[in-house]
Amino acid sequence: MSDPKAGAVVVVGASHKPERYSHRAMQMLLAAGYTTIPVHPAYDELLGLPVVHHIRDIQQAVDTVTLYINAAGSSAIIQDLIALRPKRVIFNPGSENPLLERALDEAAIAYEKACTLVLLRTGQF
């Protein structure tokens with residue numbers, strides 16, 4: 001379980017659409033008191049928070065990056081993700097990417113294939 005005070009949780013692929021899992025994750029993270037940073041290239045605001053367009057623009061300590069983008073999208077941000085140096089990366093269902101997994105292994109960044117919503121609901125986040 002991560003300490004919300006240790007760093008932010010970055011939601012890559014955050015969405016305005018309430019039916020999207022990334023939107024639900026944002027709501028649950030905020031309700032649980034996590035400092036949450038939504039990332040999406042087309043949005044400026046989400047749930048009252050400023051949206052970061054590119055993870056390379058994040059300047060604060062990051063505990064967790066939770067991915068809600070496909071392998072092609074995450075392959076395009078591998079170097080920026082490695083440079084961010086999060087403590088862990090969560091591959092939500094549908095975001096699996098063996099290329100990114102290898103890069104994270106090489107950079108000694110922990111990752112897990114899990115559902116952020118389930119982790120939050122079960123107290124395992």
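General remarks:
- Test for T66: is it under 14 Å from A8 (Cβ atoms), touching a Leu at 6+ places or on another chain (Cβ under 8 Å), of a type in the set (S, T, N, Q) and without any contact (Cβ under 8 Å) to a residue 60 or more places away in the chain: no
- Taken over region 91-118, residues that are closer than 17 Å to R20 by Cα, hydrophobic (A, V, I, L, M, F, W, C) and touching a residue at least 12 places away in the same chain (Cβ under 8 Å) amount to 4.
Bear in mind that the values in this text are calculations on the coordinates, not laboratory data. Just so it is clear, the model here is predicted, and its values are computed rather than measured. Please note: Cβ atoms are built from the backbone with ideal geometry, for glycine as well, and neighbour counts cover all protein chains shown.
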